[in-house]
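Engineer: First, the structure itself, so that you have it in front of you.
The values are calculated or read from the model by the stated rules, or taken from the named source; none is laboratory data. Just so it is clear, the structure is predicted and the values come from calculations on it, not from any experiment. With ideal geometry, Cβ positions are generated from the backbone for all residues, glycine too; neighbour counts draw on all protein chains shown. Remember, those area values only see protein heavy atoms, side chains included, never the ligands or the DNA or RNA. Shrake-Rupley method; radii C 1.70, N 1.55, O 1.52, S 1.80 Å.
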Amino acid sequence: MAHGTAAVAKVDSPRSPYARRKTTRGNYELYSWVFMRASGVVLLVLIFGHLFVNLMIGEGVHAIDFAFVGGKWSNPMWQVWDLLMLWLAMIHGTNGVRTIINDYATKDVTRGILKGLLFLAFTVVVVLGTLVIFTFDACPPDAPAELLASFCTA
């Protein structure tokens, strides 16, 4: 370039036809979008069912304690209910935050670090939550008898 001249960027005419760029992502973002809508509907049912059983039936919020959770998780249906709620909520939330990271993190390195931390947090919460739900001992041998009298047999 000669001294005093500036580079001019070429701008397409506003009337030029739209040319769609081919992406390598395939339909992942479409499936992600559909999953968010479907999981949102299922989560509404799971969460409101959870709240209704925990807060409206029986003595309400004052009855929620170790014995309540132990009694509830002694039924496999409630284990699966809470597990499904945990997994769907975590996948739904992680997918939403992943979308936000993709939209707002401009540098590839920053985006990679943030998504790595997000997936690490997702993995830790899902693994620990699943272990708690399935390894929860409602009748530990050293628990006071009056605490567990409602659902543990001697």
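Engineer: Report, in debye and to the nearest 20, how large the dipole of the stretch 27-154 comes out about its Cα centre when Lys and Arg carry +1 and Asp and Glu carry -1 on their Cβ.
Structural biologist: Approximately 600 debye in magnitude.
Engineer: Still on this structure, I have one more. Can you give me the solvent accessible area of Trp33 with a 1.4 Å probe, rounded to the nearest 10 Å²?
Structural biologist: Answer for Trp33: close to 140 Å² accessible.
Engineer: With every protein chain present, what is the per residue accessible area of the stretch 77-141 (1.4 Å probe, Å²)? Let's see the in-between values first.
Structural biologist: On the way: 4040 Å² over 65 residues.
Result: 62 Å² of accessible area for each residue.
Engineer: Work out, step by step, the length gained on full extension between Val8 and Thr135: first 0.36 nm times the residue separation, then minus their alpha carbon distance; give nm to one decimal.
Structural biologist: 39.1 nm
Engineer: What trypsin sites (Lys or Arg not before Pro) does the stretch 68-140 have in DSSP loop regions with at most 14 other beta carbons within 10 Å?
Structural biologist: Numbers: sites: Lys72, Arg98, Lys107, Arg111, Lys115; in loops: Lys107.
Sites meeting the loop and neighbour criteria: Lys107.
Engineer: Next up: Please calculate the 1.4 Å probe accessible area of Ile113, with all protein chains present, and give it to the nearest 10 Å².
Structural biologist: Its heavy atoms expose roughly 100 Å² to the probe.
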